[in-house]
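First the structure, in the form of structure tokens, and then the observations on it.
The values are calculated or read from the model by the stated rules, or taken from the named source; none is laboratory data. For clarity, every value in this text was computed on a predicted model and none was experimentally measured. Cβ sites come from the backbone with ideal geometry, for glycine too, and all protein chains shown count toward neighbours.
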Amino acid sequence: MPPLRRARLGRFAQVFSLLALSCTLASQGVHAAPAKKDAKKPVAASTSKKVVKERPTAAVAAKRVAKSARQPSRVAARSVASPVRAVATSEPRLSFGQMAGLHAVADPLDLKSSVALVLDQDTHEVLLSKNDHAVLPIASLTKLMTGLLISQARLPMDESITITQDDVDTEKGSSSRLAVGTTLTRAEMLHLALMSSENRAAHALGRTYPGGLDAFVQQMNAKAKLLGMTDTRYVEPTGLSSRNQSSARDLAVLVNVAHSDPLVREYTTSPGYEVAVGRRTLQYNNTNRLVHSPSWDIGVQKTGYISEAGRCLVMQAHVAGRKLIMVFLDSAGKFSRLGDAERVRSWVESMGHDALARRTKG
């Protein structure tokens with residue numbers, strides 16, 4: 001038989017074998033898997049049903065918050081080389097304020113922050129308050145106390161500090177452009193911590209404090225007690241831990257004291273700053289865009305965010321001829337804390353215009 005004909009007969013035999021195998025599988029109830037396009041249909045149908053969960057009452061939520069606050073936070077050690085992978089969740093993690101139902105409390109300005117306090121720095125007159133005694137996580141507002149202590153310690157500001165593995169965040173897995181081995185002066189570390197909320201810089205400042213990190217945290221709590229901040233507790237210098245907690249009343253006291261420190265005022269309101277790291281120059285910017293606005297006259301400020309705390313902001317600013325201290329905690333949206341500050345400023349300015357009009361008529 002010629003080779004070409006033999007090859008054709010061989011291919012026909014393979015085809016008939018496959019057909020016979022397919023018939024055999026079908027008779028046994030075995031079917032081929034559907035195409036990928038068809039496989040998506042049942043998934044879409046199954047996810048079309050909405051599961052409505054009943055929200056806990058404020059009392060139940062408050063108990064959960066208290067229980068969570070009493071439990072020590074878990075720190076998971078992670079290798080530097082291992083990647084950090086985000087875990088997708090069906091719904092965003094609630095803040096302590098949301099769990100306690102604080103957002104249900106109304107206020108005249110319809111603020112997006114569940115906690116707010118606005119007072120006159122000179123007269124101590126409270127212009128606006130909302131849940132101002134609630135004790136919540138304060139995130140990177142912690143760094144205001146960190147910076148105040150470092151500034152008042154009169155340590156050598158030109159002394160070199162090197163980032164070590166101890167400064168790497170294992171609490172939240174946050175990133176940093178200050179790699180392990182980076183060396184900056186204490187002044188540069190303080191500038192980045194206060195202006196850009198640099199976590200590794202803040203941790204390194206506490207770690208290199210005389211007596212070490214534990215001594216520094218003790219000084220943070222001792223300073224809070226000295227200032228009469230009875231609702232405040234610190235466990236570390238960055239604010240990454242949700243166990244760093246305070247109230248709006250206490251934070252207003254801290255802002256008032258921080259405003260009296262020239263270095264803290266300068267660094268917190270600096271729009272931008274460059275540092276030389278090896279052969280590179282890193283540009284850092286302020287986390288509060290209001291410092292760039294010519295319509296704002298800000299004396300001291302600090303922002304903060306972790307999921308347990310929501311978006312936070314404290315400021316001292318001149319508004320309508322008055323020196324105001326503003327505290328906003330647990331704001332729900334990314335830019336809503338800045339929007340709340342704008343709403344308060346417009347409100348205070350309108351009060352000033354109304355008072356001027358009344359004096360003019362009189």
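What is the number of the single condition among (1) surrounded by fewer than 21 Cβ atoms within 10 Å (Cβ to Cβ); (2) among the acidic types (Asp, Glu); (3) over 28 Å from Arg322 (Cα atoms) that Asp167 does not meet?
Only one criterion in (1) surrounded by fewer than 21 Cβ atoms within 10 Å (Cβ to Cβ); (2) among the acidic types (Asp, Glu); (3) over 28 Å from Arg322 (Cα atoms) is unmet by Asp167, namely (1).
Among the candidates Leu178, Leu205, which residue alone is assigned to a loop (DSSP other than H, G, I, E, B) and buried (at least 18 other Cβ atoms within 10 Å of the Cβ)? First the steps, then the outcome.
Details: Leu205 fails: assigned to a loop (DSSP other than H, G, I, E, B).
The match here is Leu178.
Given the criteria out of contact with any Gly (no Cβ under 9 Å at 6 or more places or on another chain), at pLDDT below 95 and not hydroxyl-bearing (Ser, Thr, Tyr), does Leu94 qualify?
Working: out of contact with any Gly (no Cβ under 9 Å at 6 or more places or on another chain): yes; at pLDDT below 95: yes; not hydroxyl-bearing (Ser, Thr, Tyr): yes.
Here the answer is yes, as Leu94 does meet what is asked.
Hey, among Gly239, Gly228, which residue is modelled with pLDDT of 95 or more, part of a loop (DSSP other than H, G, I, E, B), surrounded by 20 or more Cβ atoms within 10 Å (Cβ to Cβ) and touching a helix residue (DSSP H, G or I) at 6+ places or on another chain (Cβ under 9 Å)? Full working, then the answer.
Working: Gly228 fails: surrounded by 20 or more Cβ atoms within 10 Å (Cβ to Cβ).
Among Gly239, Gly228, only Gly239 is modelled with pLDDT of 95 or more, part of a loop (DSSP other than H, G, I, E, B), surrounded by 20 or more Cβ atoms within 10 Å (Cβ to Cβ) and touching a helix residue (DSSP H, G or I) at 6+ places or on another chain (Cβ under 9 Å).
Can you pull out every residue in segment 332-362 that is at pLDDT 95 or above, under 20 Å from Glu308 (Cα atoms) and not aliphatic (A, V, I, L, M)?
Across segment 332-362, the qualifying residues are Arg337, Asp340.
Regarding Glu125, is this residue more than 23 Å from Leu282 (Cβ to Cβ) and without any contact (Cβ under 8 Å) to a residue 40 or more places away in the chain? Steps first, answer last, please.
Working: more than 23 Å from Leu282 (Cβ to Cβ): yes; without any contact (Cβ under 8 Å) to a residue 40 or more places away in the chain: yes.
So Glu125 passes the test.
What is the number of the single condition among (1) assigned to a helix (DSSP H, G or I); (2) over 20 Å from the mean Cα position of the chain (by Cα) that Arg200 does not meet?
The single condition Arg200 does not satisfy is (2).
Would you point out the residue of segment 242-275, among those that are in contact with an Asp or Glu (Cβ under 9 Å, 6 or more places away or on another chain) and part of a strand (DSSP E or B), that is nearest to Arg200 (Cα to Cα)?
In this case the residue turns out to be Val275.
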